[in-house]
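I have placed the structure first, in the form of structure tokens, so that the comments after it can refer back to it.
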Amino acid sequence: ELKVEQNPLFLSMQEGKNYTIYCNYSTTSDRLYWYRQDPGKSLESLFVLLSNGAVKQEGRLMASLDTKARLSTLHITAAVHDLSATYFCAVGRGGGADGLTFGKGTHLIIQP
Amino acid sequence: EADIYQTPRYLVIGTGKKITLECSQTMGHDKMYWYQQDPGMELHLIHYSYGVNSTEKGDLSSESTVSRIRTEHFPLTLESARPSHTSQYLCASSESGRADTQYFGPGTRLTVL
């Protein structure tokens, strides 16, 4: 059974600081996604990572994937208040099954 | 980016009622999905479809059923709603392919009294 673990689950940080969210998954998968969710809203796609060593960047967010370690990271550089949200990683179920298995999410609060 | 719509956005209903949550997408995506999310928690896959006349169960056991008669439409039905069904239901769609990013609808927030 595929399990996806994120840490930390809650993070309060100051503007201007850097931080990293970690996502570990338990079985081999060829797809990993990062999503953002604002309170009361739906999910917004941020990144899709498909291969070992993949790195993608958008603004102050950078995601990477290490398939051998079954680990993805989402790095936040010089955080700003607008990045406050819940960030989910999700992994393709694989094994002939479709759909995604999600982590519990990291609730990120960025304070001025 | 996909245009994906869900109705109703909010629904409060009594125990025992039959309800159907609607989901439609206009991008011609083959794949569609239903997820359940309790407030502040992770999403759980309850149903998905590869295309017309295809439906599969997801990870989370659910008393709901789905149908896929048209490519753009993927409704979810609860025959007899119970308070344990209170949750948010999110519909998603994606193209077929390896980098099949799922695009999510706005969700239906269901409360069963």
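The values are calculated or read from the model by the stated rules, or taken from the named source; none is laboratory data. From a predicted model like this one, the values you see are computed outputs, not experimental measurements. Neighbour counts are summed over all protein chains in view; Cβ atoms, including those assigned to glycine, are modelled from backbone coordinates with ideal geometry. Note: accessible area is taken over every heavy atom of the protein model, side chains too, but ligands, DNA and RNA are not part of it. Shrake-Rupley method; radii C 1.70, N 1.55, O 1.52, S 1.80 Å.
Couple of notes before you dig in:
- Among the residues examined, A:GLN37 qualifies as touching a Phe, Trp or Tyr at 6+ places or on another chain (Cβ under 7 Å) and of a type in the set (S, T, N, Q).
- Complete set of residues in the stretch B:53-71 that are open to solvent by 20 Å² or more (accessible area, probe 1.4 Å) and within 16 Å of B:GLN6 (Cα to Cα): B:VAL66, B:SER67, B:ARG70, B:THR71
For (1) over 21 Å from A:GLY95 (Cβ atoms); (2) of a type outside the set (Val, Ile, Thr); (3) in contact with a Ser or Thr (Cβ under 8 Å, 6 or more places away or on another chain), each residue gets a yes or a no:
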| residue | (1), (2), (3) |
| --- | --- |
| B:HIS44 | no, yes, no |
| B:TYR48 | no, yes, yes |
| B:SER67 | yes, yes, yes |
| B:SER87 | yes, yes, no |
| B:SER94 | no, yes, yes |
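- Scanning the stretch B:26-71 for residues that are touching a residue at least 60 places away in the same chain (Cβ under 8 Å), aliphatic (A, V, I, L, M) and not in a loop (DSSP other than H, G, I, E, B) yields one hit, B:MET32.
- Among the residues making up the stretch B:17-35, a single one is charged (D, E, K, R) and facing chain A (nearest Cβ under 8 Å): B:LYS31.
- The residue of the stretch B:14-35 that is most open to solvent (accessible area, probe 1.4 Å), among those that are aliphatic (A, V, I, L, M) and closer than 20 Å to B:GLY97 by Cβ, is B:MET27.
To keep it simple, each residue is scored yes or no on (1) facing chain A (nearest Cβ under 9 Å); (2) aromatic (Phe, Trp, Tyr); (3) touching a His at 6+ places or on another chain (Cβ under 9 Å); (4) open to solvent by less than 70 Å² (accessible area, probe 1.4 Å).
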residue: B:GLN37; (1), (2), (3), (4): yes, no, yes, yes
residue: B:GLY51; (1), (2), (3), (4): no, no, no, yes
residue: B:TYR103; (1), (2), (3), (4): yes, yes, yes, no
residue: B:THR108; (1), (2), (3), (4): no, no, no, yes
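- If you go through the stretch B:72-96 and keep only what is part of a loop (DSSP other than H, G, I, E, B), away from every other protein chain (no Cβ under 14 Å) and open to solvent by less than 50 Å² (accessible area, probe 1.4 Å), you end up with B:PRO75, B:ALA81.
- Residue check for B:GLY14: at pLDDT below 95, over 14 Å from the mean Cα position of the chain (by Cα) and more than 11 Å from chain A (Cβ to nearest Cβ): no
- Segments classed as strands (runs of 3 or more DSSP E), wholly inside the stretch A:21-95, with at least 2 members that are free of Cβ contacts under 8 Å to residues at least 60 places away in the same chain and surrounded by fewer than 13 Cβ atoms within 10 Å (Cβ to Cβ): A:55-58
- Residues that are open to solvent by 30 Å² or more (accessible area, probe 1.4 Å) and either under 24 Å from A:GLY16 (Cβ atoms) or in contact (Cβ under 8 Å) with a residue 12 or more places away in the chain (or both), drawn from the stretch A:96-112: A:LYS104, A:HIS107, A:ILE109, A:GLN111, A:PRO112
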